[in-house]
Amino acid sequence: MPPSCSNPIVSAVRAQLPESARVLVALSGGADSVALLAAMVEAGMSVTAVHCNYHLRGDESNRDEQHARSVASRLGVELIVIDCDVDAFRDANPNNSVEMACRSLRYDAFRRLCDEHRIDYIAVGHHREDNRETMLLNLFRGSGLKGVGGMSPLRGNFVRPLLYNTRDQIVAYLKERGLDFVTDSSNLSCDYRRNAIRNAILPAVRGYFPSVDAGLDVSLEALSSQRRLLLSLVTRVRRDYVTADGSIDLHLLLSREECPRELLFELLNYPDYVGYTMSTVDAILRSADKSGLTFKASDEVGVRLERGRLIPLKEHIGFEPIIFDGFTSESRPGCFEVKRLSLAEFKPERGRPDVAYFDEDKLQTAAPLTLRAPLTGDRMTPYGMKGSRLLSDIFSDAKLPHDARAVHPVIVDSAGRVIWLPGLRASAQYAVTPSTRRILRVTYRTAT
């Protein structure tokens, strides 16, 4: 395929993913996934495709698999086919709907393949219309700010490069490239709630509000921005109530805060929803003066109430995802990927200032980390050097333009100490040493 820097689909892929990334692409055979895979190949990325056959639609399911094989072969991409036994999964998990079972099987397969093939990202083909449907689906179910704010373009190692592209752009790209796609006949039925929103509810609403799609897009952006603001504020307040081991001082929170219920919900689910519901929060608050009670969000996540403190049931890992504080979504200079490494996997990459390695056990005592802009007087102790240096001097040595210095990302620990200037220097504060047991590899990738 010829290069197409101006094509919005290829541009979206290049903006979301570094060219060196190893990516697993979910390939259903539908328009979105075919366009996503083709755009990644066109962008020169290292990709592997995976197709999940749920065997729920007989010959049509087999047709989809064969089409996925054909697309992957034409694009020169390795395809992994996963056969999913939905009935067996639902027998073992009777509370799961067919949709939930398929999703669980799919995502479990993705994570397993990531480990087996050392994959950096899992790419899925959700687009703008999908995000509108997600917003409405969560609204109708009953949801808070995060749910009605729709999907995120990046969550963990799951990436949605086409989230801000339209279905029309996707189809136009496929037509331009001469690529076919299949249509899942179940998408035309309203038996599933998402399909009902797409096929019946939104078309009816457009009859009364012709600009509803644009209005939903504006609302999604506003709600997503407000969620980022809320997370930033919770990050600051969190330091008053959460100790290094992850315990929450419930009595102190209740004595100080005007909205303890809402704040406790955010603290328990920080920085992303892990399963604590408002009903669980209410149960905790009703029992605030008791001890020995356990409250669970899932089989793996829970807290125990002891003398006014909520203590994690399992060892707190300490490291929190990097919190972006002080940058708007428009001015944020990049994003970060965090990976745990064993000592056997630790192979430092020389000449990669966009990659830093930290001693996780040391870093645990200083979480969460914060991304902010440089402040006057900021200093750090660069790895491999004696003594501390002003950031302004480090910027000068690197011949960084003055207008870039004011917005260069600075990573600080909970005490405000600079531990990394992505792309320039890392601090010796949490460096890997011969006594290190667990290692964190953090990669900074500049937005394009």
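Within the stretch 144-159, the set of residues being open to solvent by 20 Å² or more (accessible area, probe 1.4 Å) and over 19 Å from Leu231 (Cβ atoms) comprises Asn157 only.
Just to verify a result, which residue in the stretch 408-439, among those that are in contact with a strand residue (DSSP E or B) (Cβ under 7 Å, 6 or more places away or on another chain) and under 22 Å from Val242 (Cα atoms), is modelled with the lowest pLDDT? Once the filter is applied, the top-ranked residue is Asp413. Inspect the stretch 92-99 for any residue being within 20 Å of the chain's Cα centre (by Cα) and open to solvent by less than 50 Å² (accessible area, probe 1.4 Å) and give the result as yes or no. Within the stretch 92-99 (the criterion being within 20 Å of the chain's Cα centre (by Cα) and open to solvent by less than 50 Å² (accessible area, probe 1.4 Å)), the answer is no, since none of the residues qualifies. Scanning the stretch 109-159 for residues that are part of a loop (DSSP other than H, G, I, E, B), among the aliphatic types (A, V, I, L, M) and at pLDDT 90 or above turns up Val124, Met151. Here the stretch 122-143 is the region considered, the condition is being among the charged types (D, E, K, R) and open to solvent by 50 Å² or more (accessible area, probe 1.4 Å), and the residue that is farthest from the chain's Cα centre (by Cα) is Arg141.
Restricting attention to the stretch 400-424, the residues being under 18 Å from Arg238 (Cβ atoms), under 23 Å from the mean Cα position of the chain (by Cα) and not in a strand (DSSP E or B) number 2. Among the numbered conditions (1) at pLDDT below 75; (2) more than 20 Å from Trp420 (Cα to Cα); (3) open to solvent by less than 40 Å² (accessible area, probe 1.4 Å); (4) not hydrophobic (A, V, I, L, M, F, W, C), the only one that Pro312 does not meet is (1). Restricted to the stretch 1-40, and to residues there that are among the polar types (S, T, N, Q) and either touching a Pro at 6+ places or on another chain (Cβ under 7 Å) or surrounded by fewer than 17 Cβ atoms within 10 Å (Cβ to Cβ) (or both), the residue that is modelled with the highest pLDDT is Gln16.
In the stretch 203-216, the residue that is farthest from the chain's Cα centre (by Cα) out of those that are surrounded by fewer than 18 Cβ atoms within 10 Å (Cβ to Cβ) and within 27 Å of Asp184 (Cα to Cα) is Gly207.
Just one of the listed residues (Arg304, Arg350) is open to solvent by 60 Å² or more (accessible area, probe 1.4 Å) and modelled with pLDDT of 80 or more, namely Arg304. Filter the stretch 237-252 down to residues that are in contact (Cβ under 8 Å) with a residue 12 or more places away in the chain and open to solvent by 40 Å² or more (accessible area, probe 1.4 Å) and give me whichever is nearest to Thr134 (Cα to Cα). Top of the filtered list is Val237.
The values are calculated or read from the model by the stated rules, or taken from the named source; none is laboratory data. Being a predicted model, the structure only gives us computed values, none of them experimental. Because the Cβ atoms are built from the backbone with ideal geometry, glycine has one as well, and the counts that use them run over all protein chains shown. Surface accessibility is based on the protein's heavy atoms, side chains included, excluding ligands, DNA and RNA. Shrake-Rupley method; radii C 1.70, N 1.55, O 1.52, S 1.80 Å.
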